[in-house]
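Q: One structure, pasted below without further comment.
A short reminder: the numbers here are calculations on the coordinates, not readings from a lab. The structure displayed is predicted, hence computed values, not measured ones. Neighbour counts run over all protein chains shown; Cβ positions are idealised from the backbone, glycine included.
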Amino acid sequence: MGKALIVYSTRTGETKNIAELIAEGIRISGTKATLINVTSLKNEKDLDGYDAYVFGSATYHGEMIQGMKKMLFISEKANLEGKIGGSFGAFGWSGEAPGRIFETMKYIFKMDMVSGPLLLKSSILGGATVMAQDYGREIAKKINVS
Ligand SMILES: Cc1cc2nc3c(=O)[nH]c(=O)nc-3n(C[C@H](O)[C@H](O)[C@H](O)COP(=O)(O)O)c2cc1C
């Protein structure tokens with residue numbers, strides 16, 4: 001069975017809600033999903049042993065949350081090359097964080113990324129629940145064909 005790790009960074013919980021829905025989508029597909037808050041990640045060893053990595057942060061003042069920036073520097077040491085990747089985050093109007101995370105995973109870590117980052121204003125409005133679960137399904141599907 002494949003294994004996915006979801007690491008999220010949130011201030012008011014919305015990005016955590018999205019992370020939980022992505023995890024649901026992964027699990028529905030028969031793949032294991034582990035969810036952790038970026039604040040409990042200590043070093044690159046915590047990233048060992050997964051087939052896919054999904055990193056998420058909310059956007060504040062046009063940027064990802066500081067803890068996620070730090071986590072990306074930790075990830076640089078984890079040799080994620082060729083691993084499946086995706087990114088997500090809650091946002092209000094501009095939503096820079098998920099795209100920045102996605103580009104870092106793609107161009108710096110050289111990961112095998114899904115179609116694009118997932119940006120949601122809320123985990124419940126306008127079909128967002130299904131979109132987040134579908135994102136999880138997309139991650140699981142990529143694990144299962146590789
Ligand atoms: C002080 C402040 C600054 C924000 N800056 C941005 C921003 O630059 N771009 C954006 O898209 N959303 C911005 N937002 C909206 C948050 O990204 C949004 O509320 C999001 O749902 C928070 O997610 P979280 O609950 O995971 O922290 C800002 C919110 C606050 C309170």
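Q: I want the local charge near S29. Using Cβ-Cβ distances under 13 Å, sum +1 for each Lys or Arg and -1 for each Asp or Glu among the other residues. The partial results should precede the final answer.
A: Working: positive: K3, R27, K32, R137, K141, K142; negative: E24, D51, D134, E138.
Around S29, the charge tally is +2.
Q: Moving on. Please state the charge dipole magnitude for the stretch 3-145, taken about the Cα centre, from unit charges on C-beta atoms (+1 on K and R, -1 on D and E), reported in debye and rounded to the nearest 20.
A: Details: 18 positive and 15 negative charges, 32 e Å.
My answer is approximately 160 debye.
Q: Let me ask something else. If neighbour count is taken as other Cβ atoms inside 10 Å, put T59, T12, T129 in order from fewest to most. Don't skip to the answer; put the middle values down first.
A: Details: T59 22, T12 9, T129 18.
With the fewest neighbours first, T59, T12, T129 line up as T12, T129, T59.
Q: Taking a cut-off of 23 Å between Cα atoms, list the lysines near K16, but don't count ones fewer than 8 places away on the same chain.
A: Of all the lysines, those that pass the test against K16 - Cα under 23 Å, at least 8 places apart if same chain - are K3, K32, K42, K45, K69, K70, K83, K106, K121, K141, K142.
Q: Which of the three applies to the stretch 1-78, rounded, prolate or oblate, going by the alpha-carbon gyration tensor with a ≥ b ≥ c and a/c under 1.5 meaning rounded? Before the final figure, lay out each step's value.
A: Numbers: a/c = 2.47, a/b = 1.23, b/c = 2.00.
Since a/c reaches 1.5 but b/c is at least a/b, the shape of the stretch 1-78 is classed as oblate.
Q: What shape does the stretch 1-43 take by its C-alpha gyration tensor, where a ≥ b ≥ c are the square roots of the eigenvalues and a/c under 1.5 counts as rounded, a/b above b/c as prolate, and the rest as oblate?
A: Details: a/c = 4.76, a/b = 1.43, b/c = 3.32.
Oblate, because a/c is 1.5 or more while a/b does not exceed b/c.
Q: Where does each of 91-103, 72-84, 35-47, 18-30 land if you order them by average Cβ count within 10 Å, highest first?
A: Numbers: 91-103: 18.2, 72-84: 16.2, 35-47: 14.3, 18-30: 21.4.
Ranking, from highest mean packing down: 18-30, 91-103, 72-84, 35-47.
Q: For the stretch 50-89, take every pair of Cα atoms, bin their distances at 5 Å starting from 0, and report each bin as a whole percent.
A: Values per bin, smallest distances first: 6, 20, 30, 25, 13, 5, 1.
Q: Between the stretch 89-105 and the stretch 1-39, how many Å separate their Cα centres?
A: Here the two parts' Cα centres lie 16 Å apart.
Q: Mind checking the alpha-carbon convex hull of the stretch 21-62 and giving the volume per residue in Å³?
A: Details: hull volume 4.2 nm³, N = 42.
Normalising the Cα hull of the stretch 21-62 by residue number yields 101 Å³.
Q: So in the stretch 3-145, what percent of DSSP beta bridges are antiparallel if you round to the nearest 5? Kindly include the intermediate steps, with their values, before the conclusion.
A: Working: 2 of 24 bridges.
So the antiparallel bridges in the stretch 3-145 amount to around 10 percent.
Q: Principal axis extents for the chain, Cα atoms only, whole Å, descending order, please.
A: Extents along the principal axes, in whole Å: 34, 31, 25.
Q: Another question about this same structure. By counting other Cβ atoms within 10 Å of each Cβ, how are F55, F109 ranked from fewest to most?
A: Numbers: F55 28, F109 19.
Least crowded to most crowded, the residues run F109, F55.
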